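Presented below is the structure to which this report refers.
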Amino acid sequence: MTFSVHGLPVARGIAIGRAVLVASSRADVAHYFIEPASVEAEIERVRMGRNAVVDEIHRLQQSVAQMGPKDAPHELTALLDVHLMLLQDEMLVSGVKHWISNRLYNAEWALTTQLEVIARQFDEMEDEYLRERKADLEQVVERILRYMKGVAPLTAPHHRTQQDLLLDDTVDVPLVLIANDLSPGDMLQFKQSVFAGFATDVGGKTSHTAIVARSLDIPAVVGARSASQLVRQDDWVIIDGDAGVLIVDPSAIILAEYGFKQRQGQLERERLARLRHTPAITMDGQKVELLANIEMPEDAVGAIKAGAVGVGLFRSEFLFMGRNGKLPDEEEQYQAYKRAVEGMQGLPVTIRTVDIGADKSLDKGQKDGAGLNPALGLRAIRWSLNDPAMFLTQLRAILRAAAHGQVNLLIPMLAHASEIRQTLSLVDFARAELDNRGMPSGPVKLGAMIEIPAAALMLKLFLKHFDFLSIGTNDLIQYTLAIDRADEAVAHLYDPLHPAVLRLVADTIAECNAQGKGVSVCGEMAGDPSHTRLLLGMGLRSFSMHPAQILAVKQEVLRADTSRLQPWAQRVIESEDPASVLNV
Ligand code: PEP
Ligand code: MG
């Protein structure tokens, strides 16, 4: 029966495919397709893993048997029996074979997929004892996975694109990822993704998970509450990334309708692609800079392809995530920044120092700086200044990379004059260290993010110390309106057009323009074509966004006449209800 789940639209477009449920705890399990010729070898890997765990349990049973009846708790014996039974369960074995043979999933993916299928059946059981066996099953699968980790895959991953999938009649169905929640780090795992779209139960529109999803450029919905409970493994689903809706088990009519919408979207993309080489100049001759936001050095390729004229925001924290607390050293960071600089082929690259904290933790499950309010806690520059040795390492790596091209150094979440002073003296110190070592470094322009209202209210101080400012609207909205950007429960109040937000953004742009200092917007507002005209009207000429959004924004720029937009934007800013003026 068809039903729909409503959430928040994150990335545009329509995806139609089979659901792949991924528990967040399983997101770091490798997901890739194997070659058809490797099916047997992959099944053998699981078999070996399972046999190893069976042997381990047999050994445990023997040692339990050698204990006296007093020392051998009955529960332990019973538990081992249950684990053995689960390991030999036909449903686990045949299910895993199915996912490997029919879908060409790698062994780990097949195993965790089948785990989800069986776990769901346990959840639905009336009998409490049986229901609780789910935890045992999870433990058993965990042990097999652990064993398989030590045994390298017999074949290299075969990264199939959606195109491959559509061309291949063994695996002819696009796949759609459904999860309760995924951390930004988890999302990175899906960057080389085989998925045609995704939906999560939780998350706000500008949560970092949503931001990474947007960079994947596939239709996505977040905040689709309980989607992961309602959808079953392998259900047909439609992700409508424009409306923020997930449709489950669509009827033939609905499928046809969305198939049509999907083709329309494709045609629109092809039309926009023609703008790639067109310079972004408004009708009245104003040049506009469209820059890229990237998370990894390799994203530079996509930025160039989309026609970006530089990187306006390299979120360096993604180099720090998912490393079990072992942070990248200076050399590793230097190589990464250098790759980004070289990848941009002489165009400027703005590297933001690490912004860990709030919804971006270093490692899964770890809440960095998590006090009661992590978004208000030890995050971004506060985290860096709390660990000067770590910060200096990053600064040296960035200054060294600046020897290879134009680099701007951007500092997140500054609010206090003392933080500005400390930061600037650490930048000087890092350069002096490199000079003492006789290591080459390059000049950098220094910039500050304006993402805390306090910063937006002390622009003169900021402009005294910095060459440019970059407005982080994602956080500026969060902190101005006291709305957690990652919390779907208050997502309806997260409003980029709130008059207070517009006032802070407009004042920042105006002050920078008046002083002849560079200013850009690098929050999600910059990549939303419905806000392009307003920002142009406020005097903004530099926008930084995910490469996938550049062409749609460029189209708005090409159609704009800033001489007419300026008085109109003034009316929008002064209105009590900007959204109503915006549409006239
Ligand atoms: C912002 O806050 O708008 C921004 C660009 O930074 P981030 O989204 O990484 O917090
Ligand atoms: Mg921010």
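Points to keep in mind about this one:
- Any chance Leu476 is over 30 Å from Asp181 (Cβ atoms) and of a type in the set (A, V, I, L, M): no
- Lone qualifier among Gln233, Gln229, Gln189 - being over 26 Å from Ile483 (Cα atoms) and modelled with pLDDT under 85: Gln189
- Taking segment 554-571 as the range and being surrounded by fewer than 24 Cβ atoms within 10 Å (Cβ to Cβ) and either under 23 Å from the mean Cα position of the chain (by Cα) or not polar (S, T, N, Q) (or both) as the test, the residues that pass are Glu556, Leu558, Arg559, Ala560, Asp561, Arg564, Leu565, Pro567, Trp568, Arg571.
Residue by residue, here is whether (1) of a type outside the set (Val, Ile, Thr); (2) at pLDDT 95 or above; (3) surrounded by fewer than 23 Cβ atoms within 10 Å (Cβ to Cβ) holds:
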{"site": "Ala308", "(1), (2), (3)": "yes, yes, no"}
{"site": "Glu330", "(1), (2), (3)": "yes, yes, yes"}
{"site": "Gln345", "(1), (2), (3)": "yes, yes, yes"}
{"site": "Pro348", "(1), (2), (3)": "yes, yes, yes"}
{"site": "Leu376", "(1), (2), (3)": "yes, no, yes"}
{"site": "Ile398", "(1), (2), (3)": "no, yes, no"}
{"site": "Ala401", "(1), (2), (3)": "yes, yes, no"}
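- Members of segment 295-344 found to be in contact with a Ser or Thr (Cβ under 8 Å, 6 or more places away or on another chain) and within 16 Å of ligand 1 (Cβ to nearest atom), listed by number: Glu295, Asp299, Gly310, Val311, Gly312, Leu313, Phe314, Ser316, Met321
- Of residues in segment 404-427 being in contact with a Ser or Thr (Cβ under 6 Å, 6 or more places away or on another chain) and among the aliphatic types (A, V, I, L, M), the one nearest to ligand 1 (Cβ to nearest atom): Leu410
- Among the residues of segment 442-458, the ones that are away from ligand 2 (no atom under 16 Å from the Cβ), without any contact (Cβ under 8 Å) to a residue 60 or more places away in the chain and surrounded by fewer than 21 Cβ atoms within 10 Å (Cβ to Cβ) come to 5 in all.
- Ala280 vs. criteria of a type outside the set (Ser, Thr, Tyr) and closer than 30 Å to Ile356 by Cβ: no
- Within segment 460-476, residues that are more than 9 Å from ligand 2 (Cβ to nearest atom) reach partners that are in a loop (DSSP other than H, G, I, E, B) and at pLDDT 95 or above with beta carbons closer than 6 Å, at six or more positions or on different chains, in the pairs Leu463/Lys517; Phe468/Lys517; Ser470/Cys522.
- Annotation: Ser441 fulfils all but one of (1) within 24 Å of Ile420 (Cα to Cα); (2) hydroxyl-bearing (Ser, Thr, Tyr); (3) within 15 Å of ligand 1 (Cβ to nearest atom); the unmet one is (3).
- Options Leu434, Leu372: the member that is assigned to a helix (DSSP H, G or I), of a type outside the set (S, T, N, Q) and more than 16 Å from ligand 2 (Cβ to nearest atom): Leu434
- Looking only at segment 486-518, and only at residues there that are of a type in the set (Val, Ile, Thr) and within 16 Å of ligand 2 (Cβ to nearest atom), the one that is farthest from Met449 (Cα to Cα): Val501
- Among the residues of segment 406-431, the ones that are under 27 Å from the mean Cα position of the chain (by Cα) and in a loop (DSSP other than H, G, I, E, B) come to 5 in all.
- Considering Met525, Met538, the condition of being under 19 Å from the mean Cα position of the chain (by Cα) and either away from ligand 1 (no atom under 14 Å from the Cβ) or not acidic (Asp, Glu) (or both) is satisfied by Met525 alone.
- Residue match in segment 386-396 (condition: out of contact with any Leu (no Cβ under 8 Å at 6 or more places or on another chain), buried (at least 19 other Cβ atoms within 10 Å of the Cβ), in contact (Cβ under 8 Å) with a residue 12 or more places away in the chain and not in a helix (DSSP H, G or I)): no
- When Glu126 is tested against the conditions (1) surrounded by 13 or more Cβ atoms within 10 Å (Cβ to Cβ); (2) over 31 Å from the mean Cα position of the chain (by Cα); (3) not small (Gly, Ala, Ser), the lone failure is (1).
- Residues in segment 244-264 that are closer than 19 Å to Leu230 by Cα and either touching a Pro at 6+ places or on another chain (Cβ under 6 Å) or among the polar types (S, T, N, Q) (or both) were compared, and the one that is surrounded by the fewest Cβ atoms within 10 Å (Cβ to Cβ) is Ser251.
- Qualifying residues in segment 449-498 (those that are within 14 Å of ligand 1 (Cβ to nearest atom) and β-branched (Val, Ile, Thr)) - the one nearest to Glu289 (Cα to Cα): Ile471
- Residue within segment 462-473 that is assigned to a helix (DSSP H, G or I), farther than 24 Å from Val341 by Cα and within 25 Å of the chain's Cα centre (by Cα) present: yes
- Segment 514-532, residues that are surrounded by fewer than 22 Cβ atoms within 10 Å (Cβ to Cβ) and of a type in the set (D, E, K, R): Lys517, Asp528
- Comparison of Ile57, Ile100, Ile43 shows that the only residue that is under 31 Å from the mean Cα position of the chain (by Cα), part of a helix (DSSP H, G or I) and not acidic (Asp, Glu) is Ile100.
- Among the candidates Asp136, Asp81, residue that is among the charged types (D, E, K, R), part of a helix (DSSP H, G or I) and over 28 Å from Asp234 (Cβ atoms): Asp81
- Residue in segment 355-373 that is of a type in the set (Asp, Glu), farther than 21 Å from Asp435 by Cβ, more than 16 Å from ligand 1 (Cβ to nearest atom) and surrounded by fewer than 20 Cβ atoms within 10 Å (Cβ to Cβ) present: yes
- Within the set Glu35, Glu56, the sole residue that is surrounded by fewer than 20 Cβ atoms within 10 Å (Cβ to Cβ), over 14 Å from Asp136 (Cβ atoms), in contact with a strand residue (DSSP E or B) (Cβ under 7 Å, 6 or more places away or on another chain) and in contact (Cβ under 8 Å) with a residue 12 or more places away in the chain turns out to be Glu35.
The values are calculated or read from the model by the stated rules, or taken from the named source; none is laboratory data. Predicted model, so just to flag it, every value in this text is computed and none were measured. Heads up, the Cβs are rebuilt from the backbone with ideal geometry, glycines too, and the neighbour counts pull from every protein chain shown.
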